[in-house]
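Structure record follows, encoded as structure tokens.
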Amino acid sequence: MSIISFSISNSPPSRLDKALSRDAPAQAGLSRTRLTRLITEGYVEVDGNIVKNPTANVSEGQSVKVLMPELEPVETLPQKIKLDIIFEDEDLLVVNKIAGMVVHPAPGSPKDTLVNALLYHCQNSLSGIGGEKRPGIVHRIDKDTSGLLVVAKNDKAHHGLAEQFEQHSVERIYHAFCHGAPDVGSPRLKGVKGVSFEVGSVVKISTHLARHKHDRQRQTVLFEGGRHAVTRFKVLEKFGNPHVVSLIECWLETGRTHQIRAQMAHLGHALIGDAKYGRRKKISNKALNEDGFNSVNEFQRQALHASVLGFIHPLTGKRMKFSLDMPSDMQKLALGLKK
């Protein structure tokens with residue numbers, strides 16, 4: 001068990017948990033949530049006395065000791081799996097998740113996940129999330145979606161990132177190929193509930209999403225109940241004669257499960273390759289040449305890529321932004337359509 005010692009600095013907040021959150025050494029990586037738990041469990045001493053009340057009063061100059069219990073091991077096993085790390089420091093890392101990899105272990109996917117790989121990659125650089133030696137998964141992308149994810153290495157980074165996601169201040173841009181050509185001038189599109197239009201030919205989709213009543217693996221679009229979900233997108237390129245496929249750029253305001261996939265299907269423009277939401281969609285072989293037709297029909301996953309991720313570093317305060325080109329399978333799809 002290690003000990004973190006420090007003093008309460010001038011003009012402290014009235015509550016112990018807030019004062020410790022402000023004055024604890026930054027390198028300890030302790031969030032207020034974690035400190036509150038340590039207080040209530042009896043791991044905090046103020047002037048030599050154990051204090052278990054997070055709302056207790058504190059004064060300038062008081063001596064604090066935080067006894068840090070050993071991190072609890074997690075059941076998930078580290079696995080040596082190759083990762084594409086875009087950025088890494090002592091607090092967080094940004095990874096390019098490949099299509100086909102599950103983010104977090106689950107009953108149907110207990111191994112070969114991103115978390116398994118991160119546990120091996122990070123080794124001793126994890127200072128713990130909630131008292132467990134594990135990476136902090138702040139957000140997820142679907143198994144068959146590729147692209148950028150940020151992962152926390154300690155409590156403070158995890159809390160700071162989670163707060164930004166809750167406030168919808170994280171920049172997230174996706175690129176996708178969808179069926180058809182969404183047209184801001186289309187009477188049909190204007191008549192779809194939840195759709196509105198913004199400057200620059202941007203389409204806004206505002207609905208609610210909830211787990212489907214009969215298929216627990218799907219989300220369903222609602223307008224009452226469920227969770228509020230907002231996506232904006234614009235069409236970058238159209239393919240076919242008539243236009244049967246479009247490349248779109250999407251901005252997430254919220255980040256719900258299957259948000260882009262379910263909402264685009266609600267518009268009648270399901271993503272290419274999306275067996276869950278677009279299985280009834282077929283491409284006419286008369287609208288595309290052989291290369292284009294084969295490229296679409298042979299695509300094996302939803303054509304969705306998390307291409308841009310921007311956030312404020314929770315410990316340094318620096319604005320960070322990362323971007324990635326589409327992966328090779330989506331680039332091949334684009335090439336086939338352009339032919």
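A compact table of results
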quantity	calculated
Matching option when the condition is modelled with pLDDT of 90 or more, among the aromatic types (Phe, Trp, Tyr) and surrounded by fewer than 18 Cβ atoms within 10 Å (Cβ to Cβ), among Phe87, Phe6	Phe87
Among the residues listed as Leu209, Leu247, the single one being buried (at least 16 other Cβ atoms within 10 Å of the Cβ), more than 25 Å from Met326 (Cβ to Cβ) and hydrophobic (A, V, I, L, M, F, W, C)	Leu209
Unique match (being in a loop (DSSP other than H, G, I, E, B), free of Cβ contacts under 8 Å to residues at least 24 places away in the same chain and surrounded by fewer than 19 Cβ atoms within 10 Å (Cβ to Cβ)) among Gly42, Gly61	Gly42
Answer from Glu60, Glu45, Glu90 - the residue that is under 19 Å from His158 (Cβ atoms) and of a type in the set (Asp, Glu)	Glu90
Asn297, sole failed condition from (1) free of Cβ contacts under 8 Å to residues at least 24 places away in the same chain; (2) surrounded by 19 or more Cβ atoms within 10 Å (Cβ to Cβ)	(2)
Near pairs, Cβ below 6 angstrom, 6+ apart or cross-chain, from region 193-207 (under 17 Å from Arg256 (Cβ atoms)) to any residue that is among the basic types (Lys, Arg) and part of a strand (DSSP E or B)	Lys204/Arg232
Condition check for Lys286: surrounded by fewer than 20 Cβ atoms within 10 Å (Cβ to Cβ), of a type in the set (D, E, K, R) and touching a residue at least 40 places away in the same chain (Cβ under 8 Å)	no
Search result, residues across region 64-84 that are exposed (fewer than 14 other Cβ atoms within 10 Å of the Cβ) and modelled with pLDDT of 90 or more	Lys80, Lys82, Asp84
Residue match in region 217-229 (condition: at pLDDT 95 or above, surrounded by 15 or more Cβ atoms within 10 Å (Cβ to Cβ) and basic (Lys, Arg))	no
Set Leu119, Leu126: member being in contact with a Lys or Arg (Cβ under 6 Å, 6 or more places away or on another chain), among the hydrophobic types (A, V, I, L, M, F, W, C) and either modelled with pLDDT of 85 or more or at negative phi (or both)	Leu126
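Listed here are the residues, each with its yes/no results for (1) farther than 26 Å from Asp215 by Cβ; (2) part of a strand (DSSP E or B).
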{"site": "Met264", "(1), (2)": "no, no"}
{"site": "Lys282", "(1), (2)": "no, no"}
{"site": "Ala306", "(1), (2)": "no, yes"}
{"site": "Leu309", "(1), (2)": "yes, yes"}
{"site": "Lys321", "(1), (2)": "yes, yes"}
{"site": "Met330", "(1), (2)": "yes, no"}
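The values are calculated or read from the model by the stated rules, or taken from the named source; none is laboratory data. Quick caveat, the model's predicted, so the values are computed rather than measured. FYI the Cβ positions are ideal-geometry reconstructions off the backbone, even for glycines, and counts take in every protein chain you see.
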